[in-house]
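Structure, as structure tokens:
The values are calculated or read from the model by the stated rules, or taken from the named source; none is laboratory data. Just so we're clear, the structure is a prediction, and the values are computed from it rather than from any experiment. As a convention, Cβ positions derive from the backbone with ideal geometry for all residues, glycine included, and neighbour counts pool all protein chains shown. Accessible surface areas use protein heavy atoms only, side chains included; no ligands, DNA or RNA. Shrake-Rupley method; radii C 1.70, N 1.55, O 1.52, S 1.80 Å.
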Amino acid sequence: MTGSHVPTPPDSVRVPVQVEEGFSRPFTRPRPYEVEKKHDPWPNTWPPSGGFYDVHTTWRQILDAAMDVGRDPSIWLAAFPELASNELLSRITPLTAYLHHDGSQTPLSLRPSPVYSHGAERSAKGVMSYRLGMTMTQWVSRHLIGLPWTIHAEDAAPAGATSDWFAPGKRPDLWAPPRHVGDGYWVLEAKGARRLGRPNVVDGIAQLQAITPAVLPLSHHKVVVGASVEDLVFCFIRYERSHGPSNGDHAEPSSPFWSAYSNMLRYQLIRGAEVGRQRIRVPRSTTARLGVLTRQVG
């Protein structure tokens with residue numbers, strides 16, 4: 001039955017993803033039929049061959065990415081625990097208000113909701129573009145590339161970066177540690193738009209190219225992720241493989257406590273809910289996250 005439906009956390013979602021290596025070829029926005037049609041499934045390896053893929057995920061994983069992107073919340077949480085729930089809501093509410101599905105497909109395709117298309121003013125759509133871009137960049141980094149976490153570039157620099165990391169000028173949004181010994185850092189730029197186009201991607205590549213050896217004199221990969229709201233939500237990934245010397249002793253360790261940190265804010269949100277609506281799912285695996293929010297928030 002068609003209509004307008006808000007996704008629920010367990011819902012299966014299809015996200016079309018276009019991948020391309022290198023920054024030299026200009027971006028051309030794909031036509032709607034290219035996005036809508038079925039593609040090969042994501043090969044569960046990074047990097048895949050260039051082209052379009054269908055990635056099957058869940059609405060829960062997308063909300064999870066919105067909550068986690070770019071931070072270690074422990075300091076903020078200790079200073080202002082009473083604001084934790086509202087901060088989480090500010091991250092996920094634009095997604096739950098402005099995205100929906102029509103119930104006609106399985107897995108679901110996320111589309112702009114009537115509230116977005118007919119009720120949101122331009123500034124609200126701008127907020128949505130930023131939030132979707134950051135969310136899907138975290139989703140790509142976690143579920144497609146396999147990175148453990150991301151940090152806002154304006155908040156901290158990788159070990160081994162020079163003081164130019166914080167010099168004036170545009171910089172990418174996020175960075176992440178190496179996936180394994182011998183891997184490079186990851187520098188990521190997030191772009192979101194109502195209709196993702198060439199100017200968005202060109203600007204993102206320019207921000208990545210600002211990370212020169214004078215800024216980060218260690219091996220690093222560069223990735224720009226673009227997310228488009230219309231005509232349905234899809235992602236574009238353009239990447240450049242790492243170059244430069246080994247990271248050596250500058251590699252960032254993946255903290256075993258990161259999963260616990262990333263769930264502190266969820267705990268605050270759940271604790272503030274009515275007792276009858278509280279529900280926590282704890283994974284069996286000890287390597288999985290300690291708990292995830294399984295109820296729809298909003």
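Points worth noting:
- Candidates per trypsin sites (Lys or Arg not before Pro) in the stretch 11-52, loop by DSSP, up to 15 other Cβ within 10 Å: 37, 38
- Ligands, DNA and RNA excluded, the heavy atoms of residue 60 present near 50 Å² of accessible surface to a 1.4 Å solvent probe.
- Cα gyration tensor shape for the stretch 26-177, rounded if a/c is under 1.5, else prolate or oblate: oblate
- Two-site label geometry, residue 231 and residue 102: point separation in nm, points 7 Å out along Cα→Cβ: 1.0
- Taking all protein chains together and rolling a 1.4 Å probe, residue 90 ends up with roughly 70 Å² accessible.
- For the set 125/191; 191/222; 38/191, the pairs lying more than 20 angstrom apart at their alpha carbons are 38/191.
- Ligands, DNA and RNA left out, the 1.4 Å accessible surface of the stretch 1-103 is 55% carbon and sulfur atoms.
- Difference of contour (0.36 nm per residue) and Cα-Cα distance, residue 5 to residue 155: 50.3 nm
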